[in-house]
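Taking it in order: structure first as structure tokens, then the write-up.
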Amino acid sequence: MLINTAAYSTILAELATHQATLVAVSKTKPNEAIAELYALGQRDFGENYVQELVDKAAQLPKDIRWHFIGHLQSNKVKYIAPFVYLIHGVDSLKLLQEINKQAAKQQRVIDVLLQVHIAREETKFGLDADELHALTDSLAAQPLSQVRICGLMGMASFTEDQQKVAGEFSYLKMLFDKTRSVFASERLSVQPASFNTLSMGMSGDYQLAISLGATMVRIGSLLFGARTKP
Ligand SMILES: *Cc1c(COP(=O)(O)O)cnc(C)c1O
């Protein structure tokens, strides 16, 4: 076995009580490991690197829902646009516009999450609260027909300090609720009903994340073992 089946069952049971979705983060892991988890029924998988995602999607079953969870460069959107299920890390209007354009070429709508920067001490990608607000305002003024904004994504600080992590998750949940009410109050192409996903929590902090409102967690090393690359 290349995967930790006991951890998988435990995680699924924990998530079920909160109706949260598991994205199994398979970056740097071989197709054989993904296939093992797939055989147990897992369909949502997350990848960080465009080329790796494209290769795996070509080789693995077509009903896998591929989540792109890394930092996406505009010039690479075209490679994943034909098949990607959800793009988690969108943090600029420029990137949204490119996703919109590539989705139009594929005659589809692409679901995305806006990434918010919640880790106070680290430099990670993402929007701050003001930038998020500005972005939702510009989407109100100029809707994008081929992109569906489905929620927010964030990564907490990498620390043992649970109180700090809890504070960051709570902050993201607050922004999520606020953004959802903005979308509900404005006449947007964004359907408030589809703004329903809060992607937060990884191997080390997913339990805290679901207790604080996550609807989707992204778990890699607990399922597949530690990685040598980040
Ligand atoms: C790698 C990664 C994960 C999974 O991390 P683990 O600690 O291995 O569970 C989750 N989210 C993002 C954005 C990642 O890059």
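The values are calculated or read from the model by the stated rules, or taken from the named source; none is laboratory data. None of the values given here were measured: they were computed from a predicted structure. So basically every Cβ, Gly included, is an ideal-geometry build from the backbone, and we count neighbours across all protein chains shown.
Listed values, structure above:
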{"read-out": "Flag for residue 139 being under 25 Å from residue 108 (Cα atoms), among the hydrophobic types (A, V, I, L, M, F, W, C) and within 16 Å of the ligand (Cβ to nearest atom)", "value": "no"}
{"read-out": "Any pair with Cβ under 8 angstrom, 6 or more apart, that starts in the range 117-136 at a residue that is within 12 Å of residue 156 (Cα to Cα) and ends at one that is at pLDDT below 85 and hydrophobic (A, V, I, L, M, F, W, C)", "value": "117/125"}
{"read-out": "Residue list for the range 173-185, filter: at pLDDT 95 or above and crowded, with 17+ Cβ neighbours inside 10 Å", "value": "173, 175, 176"}
{"read-out": "Unique residue being over 24 Å from residue 135 (Cα atoms), modelled with pLDDT of 95 or more and surrounded by fewer than 18 Cβ atoms within 10 Å (Cβ to Cβ) when the list is 211, 170", "value": "211"}
{"read-out": "Criterion violated by residue 37 - all others in (1) out of contact with any helix residue (DSSP H, G or I) (no Cβ under 8 Å at 6 or more places or on another chain); (2) buried (at least 17 other Cβ atoms within 10 Å of the Cβ) satisfied", "value": "(1)"}
{"read-out": "Qualifying residue in the range 96-111 (condition: in contact with a helix residue (DSSP H, G or I) (Cβ under 7 Å, 6 or more places away or on another chain) and either within 13 Å of the ligand (Cβ to nearest atom) or part of a loop (DSSP other than H, G, I, E, B) (or both))", "value": "yes"}
{"read-out": "Which numbered condition residue 133 fails, given (1) buried (at least 18 other Cβ atoms within 10 Å of the Cβ); (2) over 22 Å from residue 208 (Cα atoms); (3) not hydrophobic (A, V, I, L, M, F, W, C)", "value": "(1)"}
{"read-out": "Tabulated pairs, the range 50-70, first farther than 13 Å from residue 28 by Cβ, second part of a helix (DSSP H, G or I) and among the aromatic types (Phe, Trp, Tyr), C-beta under 6 angstrom, 6+ apart or interchain", "value": "50/79; 54/79"}
{"read-out": "Some residue of the range 106-121 being more than 20 Å from residue 184 (Cα to Cα), at pLDDT below 95, buried (at least 21 other Cβ atoms within 10 Å of the Cβ) and among the small types (Gly, Ala, Ser)", "value": "no"}
{"read-out": "Any strands (runs of 3 or more DSSP E) falling wholly within the range 1-95 and containing at least 1 residues that are among the aromatic types (Phe, Trp, Tyr) and more than 12 Å from the ligand (Cβ to nearest atom)", "value": "65-68"}
